[in-house]
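The values are calculated or read from the model by the stated rules, or taken from the named source; none is laboratory data. Only a predicted model underlies this, so the values are computations on that prediction, with no experimental measurement involved. We place every Cβ from the backbone using ideal geometry, glycine too, and count neighbours over all the protein chains shown.
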Amino acid sequence: MTRNRIFAAILALTMVFGLMACGIPAASADAAPRTITIGVWWDFYYDSTHESEESDPAYSGSISDQMRFENVKYVEEKYNVKFEYVNLTYAGVKESINTSILAGTPDCDIYLCELAFGIPAAISGLAMDLKTVLPADADVLGDQTILSYLDLGDGKASLMKQVKAENAVEATYPLAFNVEMLEDNNLEDPRELYARGEWTWDKFVEYCQVLTQDTDGDGVTDQYGFDGFAKDVIGQLMLSNGASIASGTTETLSSAATGEVLQFYSDLFNTYNVAAPYEFGDAGDVMRFRYREGKVGFWPGAAWIASTNADYDWDGSVGSTLEFETGYVQWPVGPSGNQETNKGKFTAGSFWMIPNGVEDPELVYEVFEAISNWYHDDVSIRDDKETMWWWYAVTASDEDLQEENFDVMFDLGTREQFDLWDSVNVEMDLESLIRGDMTAAQMQETYRQEYQAGLDAYFG
């Protein structure tokens with residue numbers, strides 16, 4: 001950590017200890033502490049059972065370790081509770097959710113859920129809707145700086161996720177662009193267009209048309225406005241158009257907004273001719289990495305893709321192997337989309353839920369929020385740049401651009417959309433769409449029943 005970061009962390013700790021010393025009112029301070037149990041399937045740190053920072057086998061002596069451990073004392077004091085992570089095993093968590101909650105006597109006050117059983121639990125009413133027990137200004141329902149909830153399209157807030165940079169970066173695909181290529185063609189920075197509400201599908205096509213060129217004059221196009229693996233692209237276009245395919249118990253492939261996505265993707269190849277030639281078959285790697293040649297204007301970026309450009313030096317420094325700077329921008333807004341409400345990434349990872357039937361759920365939530373907020377609102381400690389050096393440096397060499405790229409990634413990564421379209425064993429013939437052999441309407445009609453059957457099987 002830098003000296004300033006260490007100072008900030010120490011100051012935060014001092015504030016916590018000061019609050020504790022002043023005697024923050026505890027819930028029923030004269031009563032025996034309530035134990036709040038959290039069901040998980042691997043070991044978590046820290047909770048009230050741990051005697052020291054060294055209880056964590058991964059203890060590194062960092063200020064964050066100290067803050068996490070001391071935060072336990074803070075939470076215990078403030079709420080007059082003890083809390084404990086209980087490793088139920090993966091199968092045990094699933095079994096406990098499906099039996100004890102249904103019986104009205106949940107084994108745990110909070111559960112960590114994989115989406116495969118967390119989503120059905122939420123939809124079937126086993127998970128508590130936080131909107132029914134929390135005030136509207138609770139963090140998870142309001143600012144969402146500590147916790148966010150997964151929108152399942154039913155208006156409920158049942159599944160929570162801790163907000164942090166690592167979660168935001170994971171499985172997030174911003175629209176990457178070659179900074180020098182846009183500048184050389186006198187194209188305005190698309191981030192400025194986005195800020196003005198002018199970054200749309202139509203504007204994106206205009207940019208791609210300018211960038212698609214025969215650069216060596218041999219009569220053959222050798223530079224393209226756009227490139228990308230089909231599933232990466234279609235997924236992000238859906239998010240940018242307020243569309244989905246399998247975002248609930250009923251398929252939405254047949255919706256007008258999804259039809260617009262499929263048609264627009266086809267048009268990039270067959271009408272506008274701005275997409276690089278598609279490599280059919282096992283094309284993922286080719287389509288994801290061809291931008292490295294400096295002949296592509298825009299492509300779906302991701303942390304794991306950018307990290308492959310890294311020139312690692314194992315003393316902690318890292319740089320990019322690219323000969324050009326990469327910028328990140330939010331995807332352009334489609335005709336049925338809305339810049340304010342469009343999602344930024346598909347849901348990944350695991351979520352937390354408070355089961356129906358738990359005693360005093362508002363207290364349980366408040367304790368969990370306090371546990372999660374070990375950094376005491378100082379997100380610069382939580383998301384310390386030095387802990388994510390590997391990501392910042394490979395996106396760009398310019399530090400200001402690195403920060404701007406991160407802001408885009410974080411924005412997209414905290415606006416999640418649940419959609420099972422790539423998880424219910426339905427394989428659409430995207431090759432026919434790309435070749436122009438099948439229209440968007442035909443694609444919708446061909447696969448909508450398959451998606452419905454997949455959802456029926458998923459939700460049981």
Quick test for you: out of A230, A256, pick the one residue that is under 25 Å from F406 (Cα atoms) and either of a type in the set (A, V, I, L, M, F, W, C) or modelled with pLDDT of 95 or more (or both).
A230
Across the stretch 89-116, what is the total count of residues that are in contact with a Lys or Arg (Cβ under 9 Å, 6 or more places away or on another chain) and within 16 Å of W42 (Cβ to Cβ)?
2
Has the stretch 101-119 got at least one residue that is buried (at least 18 other Cβ atoms within 10 Å of the Cβ), closer than 30 Å to S244 by Cβ, touching a Pro at 6+ places or on another chain (Cβ under 7 Å) and among the hydrophobic types (A, V, I, L, M, F, W, C)?
yes
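The rows are residues; the columns are (1) touching a strand residue (DSSP E or B) at 6+ places or on another chain (Cβ under 8 Å); (2) farther than 27 Å from F351 by Cβ.
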{"residue": "A396", "(1), (2)": "yes, yes"}
{"residue": "V408", "(1), (2)": "yes, no"}
{"residue": "L420", "(1), (2)": "no, no"}
{"residue": "L433", "(1), (2)": "no, yes"}
{"residue": "Q449", "(1), (2)": "no, yes"}
Output the qualifying pairs, or none if there are none: Cβ atoms under 7 angstrom, residues six or more apart or on different chains, first residue in the stretch 117-144 and assigned by TED's automatic domain parsing to the domain that holds V93, second residue part of a helix (DSSP H, G or I) and surrounded by fewer than 17 Cβ atoms within 10 Å (Cβ to Cβ).
V133/E362; L134/E362; L141/K131
If we ask which residues in the stretch 153-189 are of a type in the set (A, V, I, L, M, F, W, C) and assigned to a strand (DSSP E or B), their number turns out to be 4
Could you list, in sequence order, the residues of the stretch 69-87 that are surrounded by 19 or more Cβ atoms within 10 Å (Cβ to Cβ), closer than 13 Å to H50 by Cβ and among the charged types (D, E, K, R)?
E76
Sort through V364, V394 and tell me the only one that's touching a Gly at 6+ places or on another chain (Cβ under 8 Å) and assigned to a helix (DSSP H, G or I).
V394
Quick count over the stretch 348-382, residues being surrounded by fewer than 21 Cβ atoms within 10 Å (Cβ to Cβ), under 19 Å from the mean Cα position of the chain (by Cα) and modelled with pLDDT under 95, is 5
Within the bounds of the stretch 418-441, is there any residue that is assigned to a helix (DSSP H, G or I) and either farther than 29 Å from A176 by Cβ or assigned by TED's automatic domain parsing to the domain that holds L159 (or both)?
yes
